[in-house]
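Heads up, the thing below is written out as structure tokens.
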Amino acid sequence: MAKAKIIYEDRPVVFAKYRHPQSDDAVNYQSTIQIKDSGKQTITMKLQFDDVYPAFAPMPPEEHTIKAKDLVELYLKLKRWLGKFGYELK
């Protein structure tokens with residue numbers, strides 16, 4: 001079987017703030033989004049932590065990979081993953 005080709009790649013920054021009214025903690029992740037032309041889950045997002053560690057908030061893992069079939073599902077998975085640690089996207 002032929003290997004899937006990358007048809008689109010982007011490198012956005014993901015910024016998430018800790019959900020507590022008295023906290024200013026936040027995390028930044030450098031991410032790479034790749035969209036392939038075939039496969040079951042055609043979109044992959046690789047996250048790499050790129051910031052100062054939070055002072056009081058829990059720290060999510062420094063590296064994480066999310067796979068999804070479309071961009072909406074990717075966003076929902078990212079939001080759910082950050083929510084497990086008490087963060088929300090900004």
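Nothing in this text is a laboratory measurement; each read-out follows from the coordinates by a stated rule. Computed from a predicted structure; not experimentally measured. Please note: Cβ atoms are built from the backbone with ideal geometry, for glycine as well, and neighbour counts cover all protein chains shown.
Tabulated results
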{"quantity": "All strands (runs of 3 or more DSSP E) inside the chain with 2 or more residues being surrounded by 14 or more Cβ atoms within 10 Å (Cβ to Cβ) and either in contact with a Pro (Cβ under 7 Å, 6 or more places away or on another chain) or free of Cβ contacts under 8 Å to residues at least 60 places away in the same chain (or both)", "calculated": "26-36, 43-49, 63-68"}
{"quantity": "Residue that is farthest from the chain's Cα centre (by Cα), among those in the stretch 22-58 that are of a type in the set (Gly, Ala, Ser) and within 15 Å of residue 82 (Cα to Cα)", "calculated": "57"}
